[in-house]
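Structure, as structure tokens:
None of the figures in this text is laboratory data; all of them are computed from the coordinates on show. Bear in mind that the values here come from a model prediction, so they are computed numbers and not experimental data. Methodologically, a virtual Cβ is constructed for each residue, glycine included, from the backbone with ideal geometry; neighbour enumeration extends over all protein chains shown.
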Ligand SMILES: [Zn+2]
């Protein structure tokens with residue numbers, strides 16, 4: 001099943017970053033994947049604009065995890081652990097499988113080394 005990037009709402013060809021996220025109302029926790037295009041664009045934005053664009057995307061994903069690269073967890077600490085596993089060079093692929101994120105269109109196109117452990 002094709003999933004979308006919650007920031008640009010386009011099909012993810014290369015996963016650029018995974019974030020542990022909390023919804024703006026503080027109720028939902030999860031891991032959210034952002035595409036490489038958006039990660040590249042982020043680098044050119046001032047930090048304040050970056051947050052303004054990213055935070056609504058995280059809420060969008062946490063509100064509709066089936067549509068986007070998102071996995072909900074009952075606690076933030078579990079999401080932080082999952083992001084840590086995604087960033088580990090030896091465990092990343094297994095973590096992707098466990099999250100249900102490793103499937104046809106991403107195989108061989110992942111930027112595993114670029115998955116980072118930012119926490120918002
Ligand atoms: Zn994107």
Subset of the stretch 17-33, residues within 8 Å of the chain's Cα centre (by Cα) and more than 11 Å from residue 71 (Cβ to Cβ), comes to 17, 19
Of the numbered conditions (1) touching a residue at least 60 places away in the same chain (Cβ under 8 Å); (2) over 12 Å from residue 58 (Cβ atoms), residue 31 fails exactly one; give the number of that condition.
(2)
